[in-house]
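S.K.: Let me begin by handing over the structure; questions about it come next.
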């Protein structure tokens, strides 16, 4: 990090602080107007945004980006309309700011109110998907926060074009243009300066792969809402409904094997090993490879063997590890040892066992008789999410607009002095 | 930090994790039993604790500690009884674990419950007061968290004696002795290793002076609940009740000038400069020095002049800065520039002005017509506090047992799969 970078971040940070104060004082209607106007501006700027995106795609091809990366980077009419509609959907959410979270009166007559307020200035650091530029800005704006965005260098032109439209929306609603700022350089040292800027940044949200998140966690001098692994488990308990267990497990793995809420290891109670042939059939039909321990393989010889590394692996692919366990305690011990605290659950018809199991799981999301793929802000009813937090503080699980607020105590008295 | 320190922290950390799981699964009655038994053990160990404390005091005198430091370090029968009674008071608080914070049902029938759960393993780093050993351990235990304590080297024998009594309490309740661990070395590098141990520590709480807190914030790779400055303000608005304004201001400064909730700068609206002589009289009677800007001094020539540094100073002493402002906007601008976001407020009979002012304050605690000295966990009804958090995330303001919990989502289904 050079002094130049620190100076640049200070400049951005001061503007963001000023904008954050204006946002905190703004009416929800004003912020919603900015979101709707930004959506319109994105639609109107379609030719410019798609042209900018073509520049990014051309440069990406020249640099030899993989087809998967190029696909993430690609915008078209339909994806752009999705981005615009996403901003309108965020505008339509309930206002998260000003909610009275609690209120009580003390014996001395002091009335204490806990009120949701914006966090302040949020940094969002992400990779190649340009839609994050609009999504993250929209969620921060809705919750009254100023945001400093740093997208991947592959998407630099797309991000600038989308940012210009977002600024148009802010201006249309008479909100400061600096409510949404884009880091003006792709220099990696600038990210280091941003992560160290605890005076200007109240929170940083990394959105991307493990190495990005790990670097942010290592370097940040500001609080981080990080999304780490989702090495998720389901435990088929002795009292599980057979058909439900198979269908929920298949959905948890195969609906979209690449998302963080996807199932990675299935734990089968010894008393439910009778389900193994059905599991092998159904997962086989779906094209999913099963890797099992000896206890499970003894039931069905079609299964490939798992080794120790399988329990630790977040495949994010059509591969599932399967292991036999002797009861809930052993299932919990396995999850405790190998799980990542994202989303884990149990399949059982025994409500008491389920309540106890969920309470003993040390996971952000603990699930009974449902697919782990419900680990999602939209499915929780949050409307939209900036990610799934796997840390333990402030927010755990889906991070939507409410989770992008903090709170303030407002104490109302009538002249009370403390004795 | 050496490898030895990291290995030692790993050893402590593993034990703490195991203890934390046992605590999370324990019944509240069991944790309360441990607290009560620890209180009894402290009473029974009075001769040993006081003897250990005398060793610390003797060593402190030899090392030339100030009388203020020696007083903080000193235990006697009455202070020890206070420590024991404090643990019993914590035992009597409502259980913060398992509270249902929210519950809703999705259109697909999924029932989502947000439940308070312990944070896990908490590190508490503090200075010379040995009572913190028992207070911090008690609050962590009550909230189901394992704790690793690191007290000041001046109090090492006192802390060990108190720790032994706490462990007796844990054993009497059949809870793991490792629920409360004391860092076995006073080596400062061990603190560095602790602060870096994000695998073993979920949160660190520094309790002490600015340099300690700053060091922890700089070095920590785990979330920090820090208490920074309390450069607190009250603004006497044009519509303030004259008598109330004077009495509240005097209490806010002079009840205990050395606590973090003490008033440090009084802002007087130009329309209420008529109060200045009464303020000078009352503060003078109380032995408080006033330092004022020219606008205030023009009213009363008895006043000493303030310079720019006074607005930035947390005196923690019988000194108060006083400044004239032209209306709420100027008061807010002053607080924004010089305040520390701890506790600030307004004195006015105009409810609408008060609501607006509080909403625009960027302070953890915003006060209307009451003393800033109410910034205290006990006064909020939290029963006991480990400190006042001045950060923006997870907890702001007083940190009691509820603030030492986080939450988990428990999702109850009936076989739902995600389409």
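Each value in this text was obtained by applying a stated rule to the coordinates, not by laboratory testing. It should be emphasised that the depicted structure is a prediction, and the values quoted were computed from it without experimental measurement. A quick note on method: Cβ atoms are made from the backbone with ideal geometry, for glycine too, and the neighbour counts reach across all protein chains shown.
S.K.: Taking region A:244-306 as the region of interest, what is the percent of Cα-Cα pairs per 10 angstrom bin, listed from the shortest bin to the one with the maximum distance?
M.R.: Values per bin, smallest distances first: 21, 59, 20, 0.
S.K.: Roughly how compact is chain B, stated as its Cα Rg over 2.2 N^0.38 Å to two decimals? Each step should come with its number before you reach the end.
M.R.: Details: Rg = 24.0 Å, N = 419, 2.2 N^0.38 = 21.8 Å.
After normalising by residue count via 2.2 N^0.38 Å, the value is 1.10.
S.K.: Pick from B:155, B:27, B:352 the residue whose mean-square fluctuation is largest in a GNM of chain B, springs joining Cα atoms under 10 Å.
M.R.: Its mean-square fluctuation being the largest, the pick is B:352.
S.K.: Once the Cα atoms of helix B:46-62 and of chain B are each reduced to a long axis, what angle between those two axes, in degrees from 0 to 90 to the nearest 10, is obtained?
M.R.: The angle comes out near 60 degrees.
S.K.: Something else now. I need the inter-copy label distances for residue B:3: point set 7 Å along Cα to C-beta, values in nm with one decimal, smallest first.
M.R.: Relative to the other copies, residue B:3 has label-point distances of 4.0 nm.
S.K.: Still on this structure, I have one more. Shielding of A:238-251 by partners, i.e. mean partner chain Cβ atoms within 10 Å per residue? Before the final figure, lay out each step's value.
M.R.: Numbers: counts 0, 0, 0, 2, 0, 1, 5, 1, 0, 3, 5, 1, 1, 5.
Per residue, the average neighbour count from other chains is 2.
S.K.: Can you give the angle from 0 to 90° between the axis of helix A:276-285 and the longest principal axis of chain A, with both taken from C-alpha atoms, to the nearest 10?
M.R.: 50
S.K.: Roughly speaking, what is the stretch gain from residue B:3 to residue B:79, that is 0.36 nm per residue apart minus the C-alpha to C-alpha distance, in nm to one decimal?
M.R.: Details: separation 76, 0.36 × 76 = 27.36 nm, distance 3.94 nm.
Residue separation times 0.36 nm, minus the Cα-Cα distance, leaves 23.4 nm.
S.K.: Specify the angular offset, from 0 to 90 degrees and rounded to the nearest 10, of the alpha carbon long axis of helix B:131-142 from the longest principal axis of the alpha carbons in chain B.
M.R.: Rounded to the nearest ten degrees, it is 70.
S.K.: Same structure, new question: So for each of A:372-382, B:122-132 I average, over its residues, the number of other beta carbons within 10 Å; can you give me the resulting order with the highest mean first?
M.R.: Highest mean packing first, the order is B:122-132, A:372-382.
S.K.: For the rotation that brings chain B onto chain A, whose beta-carbon in chain B is nearest the axis, and what is that distance in whole angstrom?
M.R.: B:394, 2
S.K.: Kindly identify region A:232-379 as rounded, prolate or oblate by the Cα gyration tensor criterion: order the square roots of the eigenvalues as a ≥ b ≥ c, call it rounded if a/c is under 1.5, otherwise compare a/b with b/c, prolate if a/b is larger, else oblate.
M.R.: rounded
S.K.: For region B:82-129 and region B:265-281, compute the distance between their C-alpha centroids and round to whole Å.
M.R.: 44
S.K.: To continue, here is another question. Across 10 Å bins from the origin, how do the percents of Cα pairs in region B:20-73 run, short distances first?
M.R.: It works out to 21, 28, 23, 22, 6, in whole percents.
S.K.: Enter the mean projected area of the convex hull around the alpha-carbon atoms of region B:376-419, in nm², rounded to one decimal.
M.R.: Its average projected convex-hull area is 5.1 nm².
S.K.: Let me ask something else about it. What is the antiparallel percent of DSSP beta bridges lying wholly in chain A, to the nearest 5?
M.R.: 30
S.K.: Counting only the backbone N, which residues of region B:232-246 are under 14 Å from the spot 7 Å out from the Cα of residue B:270 toward its beta-carbon?
M.R.: Under cut-off, by backbone N: B:238.
S.K.: Remind me, relative contact order of region A:232-379 in percent, using alpha carbon pairs under 8 angstrom and six or more residues apart?
M.R.: 33
S.K.: Further, regarding this structure: Peptide A:223-235: average number of partner chain Cβ atoms within 10 Å per residue?
M.R.: Going residue by residue through A:223-235 and averaging, the value is 1.
S.K.: Distances from residue B:18 to the same position in the other copies: list them in nm, one decimal, shortest first, using label points 7 Å from Cα along Cα→Cβ.
M.R.: 5.8
S.K.: Among rounded, prolate and oblate, which fits region B:174-319 when a ≥ b ≥ c are the square roots of the eigenvalues of its C-alpha gyration tensor, a/c under 1.5 means rounded, and a/b larger than b/c means prolate?
M.R.: prolate
S.K.: Given springs between every Cα pair under 10 Å in a Gaussian network model of chain B, which of B:361, B:57, B:101 has the largest fluctuation?
M.R.: B:101
S.K.: Arrange B:179, A:78 by Cβ neighbour counts within 10 Å, fewest through most, would you?
M.R.: A:78, B:179
S.K.: How high is the relative contact order of chain A, in percent, with contacts defined as C-alpha pairs under 8 Å that are six or more residues apart? Don't skip to the end; give the middle numbers.
M.R.: Values: 863 pairs, mean separation 76.8, N = 419.
RCO, chain A: 18 percent.
S.K.: So, one more: For region A:229-273, list residues with backbone N below 15 Å from a point placed 7 Å from the Cα of residue A:352 toward its Cβ?
M.R.: A:239
S.K.: With chain B treated as a Gaussian network of Cα nodes joined by springs under 10 Å, which of B:200, B:311, B:104 yields the largest mean-square fluctuation?
M.R.: Among B:200, B:311, B:104, the largest mean-square fluctuation in the Gaussian network model of chain B belongs to B:104.
S.K.: Based on other C-beta atoms within 10 Å, arrange A:260, A:140, A:288 from fewest to most.
M.R.: Numbers: A:260 22, A:140 30, A:288 19.
Fewest-to-most ranking of A:260, A:140, A:288: A:288, A:260, A:140.
S.K.: Now for a separate question. Estimate the FRET efficiency between residue A:307 and residue A:337 by the formula 1/(1 + (r/R0)^6), using the beta-carbon distance for r and 22 Å for R0, to the nearest 0.05. Mind dumping the intermediate values first?
M.R.: Values: r = 15 Å, r/R0 = 0.69.
Taking R0 as 22 Å, the efficiency between residue A:307 and residue A:337 is 0.90.
S.K.: Here is a follow-up. Specify whether the C-alpha gyration tensor of the protein assembly as shown places it in the rounded, prolate or oblate class, a ≥ b ≥ c being the square roots of the eigenvalues: rounded for a/c under 1.5, otherwise prolate if a/b is larger than b/c and oblate if not.
M.R.: Cα axes put the protein assembly as shown in the oblate bin.
S.K.: Grab the Cα-Cα distance for residue B:218 and residue B:43, subtract it from 0.36 nm times how many residues apart they are, and report the gain in nm with one decimal.
M.R.: 59.1 nm
S.K.: Let me ask you something else. Taking a point 7 Å out from Cα toward Cβ as the label site, list the nm distances between residue B:199 and the same residue in every other copy, smallest first.
M.R.: Here residue B:199 shows inter-copy label distances of 3.6 nm.
S.K.: Note down the Stokes-Einstein diffusion coefficient of region B:166-208 in µm²/s, whole number, using a Kirkwood radius over alpha carbon pairs, 4 °C, and 1.567 mPa s.
M.R.: Rounded, D is 106 µm²/s.
S.K.: Also, quick follow-up: Quick check: pseudo-label points 7 Å beyond the Cα along Cα→Cβ at residue A:286 and residue A:66, how many nm apart are they?
M.R.: 2.3
S.K.: What relative contact order, as a whole-number percentage, does region A:328-419 give when Cα pairs under 8 Å and 6 or more residues apart are counted?
M.R.: Rounded, it is 20 percent for region A:328-419.
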